[in-house]
Amino acid sequence: MDEKVSRTSPWVYAGLEYHKRVLVLNKHTSSNSDMHKILECCASVFEVDAEDMISPSRKQQFAMARHAFCKIVRERTSETYGSIGKFLSGRDHATIVNSRKKAGDLIDTYPWFKDKYNLCMQLLSKVQTEKQEMLLADMSKRVQFVKTITLDEHGDKKRNEQVI
């Protein structure tokens, strides 16, 4: 009963067709944490619970938040329609395609939805900017630390008195 499980490395593409490469890459570099953040953002802006967005409920308030979520995830991540559907309680990829299209139509025709969608995008952009600033600040601290350490003639580390 020992079945050998084949694990394809995301870096080996010999013989893989393009769509299979994308699936392998998504499997190994999943942005599941990004989807959780987007879900929380959409739930907050649309004033619904995240669990209700994932639920099979077809109430308008949940469905609209779900439409915005699908459009944002597809635009901001490299997730496939199928992986977004799995994240939303196993929905079919066609449902996600339709949801993304519906969000585009709602943006064009429904000002309230457009405002909420734009607010989600602004919040996510702000979060991304703050995240990048924190990474840059951390990198700057590391560079400063590296610049303050030198090696003496015996190869031992010694602290520079002069910080560059």
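Against the list (1) touching a residue at least 24 places away in the same chain (Cβ under 8 Å); (2) surrounded by fewer than 17 Cβ atoms within 10 Å (Cβ to Cβ), the condition A94 fails is (1). Among the residues of segment 100-127, those identified as hydroxyl-bearing (S, T, Y) and surrounded by fewer than 13 Cβ atoms within 10 Å (Cβ to Cβ) are T109, S125.
Only the coordinates and a few stated rules stand behind these numbers; no lab work does. All values derive from a computational prediction rather than experimental measurement. Backbone-built Cβ (ideal geometry, glycine too); neighbour counts: all protein chains shown.
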